[in-house]
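Report on the following structure.
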Amino acid sequence: MSKDKLPEKVREAIKNELPVTLGQKIRQIRTELGLSQTELAEKIGNDRQYMSKIELGDVNITVVKLAYIAEALQKDIKDFL
């Protein structure tokens with residue numbers, strides 16, 4: 001199904017809510033493990049500012065980036081969904 005065929009409500013949720021929810025889950029797991037944003041960012045090859053944007057839901061990350069984050073946090077990618 002193309003994104004043009006998705007209902008407007010679903011498109012808005014994907015665009016607005018999903019990145020925020022995902023970012024909150026990443027932050028929760030990161031803090032439970034006692035990692036700083038800088039430490040996690042270095043593990044995935046990014047800087048702290050980008051990690052902050054991910055956790056705030058300001059950027060829409062790729063599945064590949066999520067896989068790197070999951071690996072760095074020693075979690076399965078499904079734990080973030």
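Considering the range 45-58, the residues that are assigned to a helix (DSSP H, G or I) and touching a Ser or Thr at 6+ places or on another chain (Cβ under 8 Å) include one that is surrounded by the fewest Cβ atoms within 10 Å (Cβ to Cβ), namely R48. Here P19 meets the list (1) exposed (fewer than 12 other Cβ atoms within 10 Å of the Cβ); (2) out of contact with any Lys or Arg (no Cβ under 8 Å at 6 or more places or on another chain); (3) at pLDDT below 95 almost entirely, failing just condition (1). Can you confirm whether the range 28-44 contains a residue that is within 13 Å of the chain's Cα centre (by Cα), surrounded by fewer than 16 Cβ atoms within 10 Å (Cβ to Cβ) and at pLDDT 95 or above? Yes, that holds for at least one residue. For the range 36-79, a tally of residues being of a type in the set (A, V, I, L, M, F, W, C) and either in contact with a strand residue (DSSP E or B) (Cβ under 6 Å, 6 or more places away or on another chain) or in contact (Cβ under 8 Å) with a residue 40 or more places away in the chain (or both) returns 5.
If I filter the range 63-81 down to residues being in a loop (DSSP other than H, G, I, E, B) and modelled with pLDDT of 95 or more, which single residue comes out as surrounded by the most Cβ atoms within 10 Å (Cβ to Cβ)? Break it down stepwise before answering.
Pass one, the range 63-81, residues in a loop (DSSP other than H, G, I, E, B): 73-76, 81.
Then drop every residue that is not modelled with pLDDT of 95 or more, which leaves 73-76.
Details: L73: 19, Q74: 9, K75: 15, D76: 11.
Among residues in the range 63-81 that are in a loop (DSSP other than H, G, I, E, B) and modelled with pLDDT of 95 or more, the one surrounded by the most Cβ atoms within 10 Å (Cβ to Cβ) is L73.
The values are calculated or read from the model by the stated rules, or taken from the named source; none is laboratory data. Quick caveat: nothing in here was measured; it's all calculated off a predicted structure. Neighbour counts run over all protein chains shown; Cβ positions are idealised from the backbone, glycine included.
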